[in-house]
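Enquirer: One structure, pasted below without further comment.
The values are calculated or read from the model by the stated rules, or taken from the named source; none is laboratory data. This is a predicted model, so every value here is computed, not measured. FYI the Cβ positions are ideal-geometry reconstructions off the backbone, even for glycines, and counts take in every protein chain you see.
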Amino acid sequence: MRTIVRQLVVIAVAALLTACSGMPVALGTRASGPVPVGDARTVKGEGCGFQLLLLIPISINDRAERAYMQLEQQAGGDFITDVQVEERWTYALVGTQYCTMMQATAIRPNSR
């Protein structure tokens, strides 16, 4: 009986230590030198996920990455700077929706 309890404790601790986690997202264009001069515009992206019954994650961990990919698509290869990140959550009856919104400045260099 002690062996079963010990195994259950080990399994529970292992499950807690391997909780869901998202990958870090590098924000902004990685370039050497100063920020280019040119036409600037605002680009936006959003990624959402749902935590069903507070236990089952659905598209939760990669929402920041998806929001940033939308920024990059809108920028179309232009220089991305001044990235702002906003998080919001909304309670639903069977879980919680989590959203990550990003807003940035996309600069098209004059030399293009």
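Enquirer: Cβ-Cβ below 7 Å, separation at least six or inter-chain, first residue in segment 1-20 and within 14 Å of L55 (Cβ to Cβ), second modelled with pLDDT of 80 or more and surrounded by 10 or more Cβ atoms within 10 Å (Cβ to Cβ): which pairs?
Expert: The qualifying pairs are C20/P57; C20/I60; C20/N61.
Enquirer: For segment 45-92, how many residues meet the condition of being of a type in the set (A, V, I, L, M), in contact with a strand residue (DSSP E or B) (Cβ under 6 Å, 6 or more places away or on another chain) and either in a helix (DSSP H, G or I) or crowded, with 17+ Cβ neighbours inside 10 Å (or both)?
Expert: Residues in segment 45-92 being of a type in the set (A, V, I, L, M), in contact with a strand residue (DSSP E or B) (Cβ under 6 Å, 6 or more places away or on another chain) and either in a helix (DSSP H, G or I) or crowded, with 17+ Cβ neighbours inside 10 Å (or both): 7 in total.
Enquirer: State yes or no: is G77 among the small types (G, A, S), out of contact with any Cys (no Cβ under 6 Å at 6 or more places or on another chain) and touching a residue at least 12 places away in the same chain (Cβ under 8 Å)?
Expert: no
Enquirer: Is it the case that F79 is under 30 Å from P109 (Cβ atoms) and among the aromatic types (F, W, Y)?
Expert: Yes: the conditions hold for F79.
Enquirer: Quick check: is even one residue across segment 52-65 under 26 Å from V37 (Cα atoms) and in contact (Cβ under 8 Å) with a residue 40 or more places away in the chain?
Expert: Scanning segment 52-65 turns up no residue that is under 26 Å from V37 (Cα atoms) and in contact (Cβ under 8 Å) with a residue 40 or more places away in the chain.
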